[in-house]
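Below is one structure, written out as C-alpha cells, with a few remarks after it.
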C-alpha cells in the first residue's frame, strides 16, 4: 500500500487548505494517508545566524523524513499577500538547508484554495516555478476558487470543480 502525506501550507487551525488537502487525500484509493499539521512542527524563523549557532532544528528534520518516507505528496498552499504563508516558507527554508532537493522527486498533487475567485492562483504559480528546482515532481494541480461557495460538509459541492479535482487525483494516483 502506498504511503501518502497530505498537508496544508498554513498554521491556521481552521484552514480551508487543510480541509481541501484532507478531502483530496480521501479520494486516493488504496493508500495509507498521513495528514500532517504544521502546528506540530514549530520552528524558529530561519536565519543563517541561528543555524550557525544552534544547527538545524529537529522538527525540520522530522518533517523532511515524513516527505522522504512517503510515496507521494498532497499539498494545498494557503496564499498570503500573493505568496506562501510565512509558516510554510519557514519550514520550506529549513528543509532546504538539509536537502536542496527536499521534495525528493515524489509525485505531488499541488493545490490551493481561497475565499476569492482566483483560488490561490498566485501562490500556485510561485510553487510551480520553484518546486521543480527543489526536487518537486508536480503531476497534478488544482485550484478551488470561492471556497465558501464551493465546499461544504467536507467536500466540493460544485460538480464541475469536483470532477476537475478527481481528474487530478487520478493523475496523482497513477503516478505513484
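The values are calculated or read from the model by the stated rules, or taken from the named source; none is laboratory data. Quick caveat, the model's predicted, so the values are computed rather than measured. Neighbour counts run over all protein chains shown; Cβ positions are idealised from the backbone, glycine included.
The table for this structure:
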read-out: Criterion: at pLDDT 95 or above and touching a strand residue (DSSP E or B) at 6+ places or on another chain (Cβ under 9 Å) - qualifying residue of 110, 64; value: 110
read-out: Residue within region 51-70 that is touching a residue at least 60 places away in the same chain (Cβ under 8 Å) and under 18 Å from residue 130 (Cβ atoms) present; value: yes
read-out: Cross-chain or 6+ apart pairs with Cβ under 9 Å, region 103-126 first and touching a residue at least 12 places away in the same chain (Cβ under 8 Å) and at positive phi, then in a helix (DSSP H, G or I) and crowded, with 24+ Cβ neighbours inside 10 Å; value: 120/17
read-out: Filtered residue count, region 8-33, keeping only those that are under 16 Å from residue 141 (Cβ atoms) and touching a strand residue (DSSP E or B) at 6+ places or on another chain (Cβ under 9 Å); value: 9
read-out: Selection count, region 128-167, where residues are in contact with a helix residue (DSSP H, G or I) (Cβ under 9 Å, 6 or more places away or on another chain), outside any strand (DSSP E or B) and touching a residue at least 60 places away in the same chain (Cβ under 8 Å); value: 3
read-out: Selection count, region 139-171, where residues are under 16 Å from the mean Cα position of the chain (by Cα) and within 17 Å of residue 113 (Cβ to Cβ); value: 8
